[in-house]
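The values are calculated or read from the model by the stated rules, or taken from the named source; none is laboratory data. Because the structure is a prediction, the values reported are computed rather than measured. With ideal geometry, Cβ positions are generated from the backbone for all residues, glycine too; neighbour counts draw on all protein chains shown.
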Amino acid sequence: MLNFDFSRLLRVPDFCKPVQLLNGLILIICIASVTQVSGVGYLWFIIILQFITSGVATVLFAAGLQDMIVSSLTDRTVPWGFIEMCYSTVFTILSGISVWIALRTNSNQLVKSGGGLVAGAVFFVAQAGLYGVPAYVYYERNREEERNRDITANPRYLDNNAPEYGYQA
């Protein structure tokens, strides 16, 4: 039986996961209020992709299954933080593009969005921030781990059979 621990979602950057879901729900409402016009299909695709990904990540993280699943899929070579950094970075960029598409589509005089696209653009900015925070935090953690890693402990780093040469001018 799964043991959900929602207190794990109260730490930085993990609190962003449920807020991403809530913001995604608001985005669905905003874009659903717009008549079907060119460009809205892309917005729907991004919203649904983000909503599903955030939902799965939230459930896995709350259940404490993320490390076990990622370890079994990657043979313990890729940590969860790296995967979250990658998808958060991609979704930050896609949310930024979505802001531009929503505002550009709304500026078309033939579209009567009733403010749905403008509100969607505002919430896409929020979504970019909600994905940008974990991307930055996990980037800094990965960078710090790389900085502190002792590369001389790697047997491939040292080739004991190679002769040592001094500095040559």
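Please verify whether the stretch 17-25 includes one or more residues that are in contact (Cβ under 8 Å) with a residue 12 or more places away in the chain, crowded, with 16+ Cβ neighbours inside 10 Å and either more than 13 Å from Leu130 (Cα to Cα) or among the acidic types (Asp, Glu) (or both). Looking through the stretch 17-25, none of the residues is in contact (Cβ under 8 Å) with a residue 12 or more places away in the chain, crowded, with 16+ Cβ neighbours inside 10 Å and either more than 13 Å from Leu130 (Cα to Cα) or among the acidic types (Asp, Glu) (or both).
Answer yes or no: is there a residue in the stretch 140-163 that is at pLDDT 75 or above, part of a helix (DSSP H, G or I), surrounded by 15 or more Cβ atoms within 10 Å (Cβ to Cβ) and not polar (S, T, N, Q). Checked the stretch 140-163: at least one residue is at pLDDT 75 or above, part of a helix (DSSP H, G or I), surrounded by 15 or more Cβ atoms within 10 Å (Cβ to Cβ) and not polar (S, T, N, Q). Considering the conditions (1) in a helix (DSSP H, G or I); (2) in contact with a helix residue (DSSP H, G or I) (Cβ under 7 Å, 6 or more places away or on another chain); (3) closer than 25 Å to Asn3 by Cα, Ser71 is excluded by exactly one of them, (2).
Being farther than 14 Å from Tyr131 by Cα, among the aliphatic types (A, V, I, L, M) and within 17 Å of the chain's Cα centre (by Cα) is a property that Ala102 lacks. Of all residues in the stretch 92-99, none satisfies being farther than 20 Å from Tyr131 by Cα, at pLDDT 90 or above and part of a helix (DSSP H, G or I).
Checked against the criterion of being assigned to a helix (DSSP H, G or I) and free of Cβ contacts under 8 Å to residues at least 12 places away in the same chain, the stretch 75-84 has no qualifying residue. Please work out if Thr77 is over 17 Å from the mean Cα position of the chain (by Cα), closer than 21 Å to Tyr139 by Cβ and at pLDDT below 85. In short, yes. Scanning the stretch 57-81 for residues being polar (S, T, N, Q) and crowded, with 18+ Cβ neighbours inside 10 Å gives a total of 2.
Can you give me the number of residues within the stretch 26-56 that are among the aliphatic types (A, V, I, L, M), surrounded by fewer than 19 Cβ atoms within 10 Å (Cβ to Cβ) and more than 15 Å from Val122 (Cβ to Cβ)? The total comes to 6.
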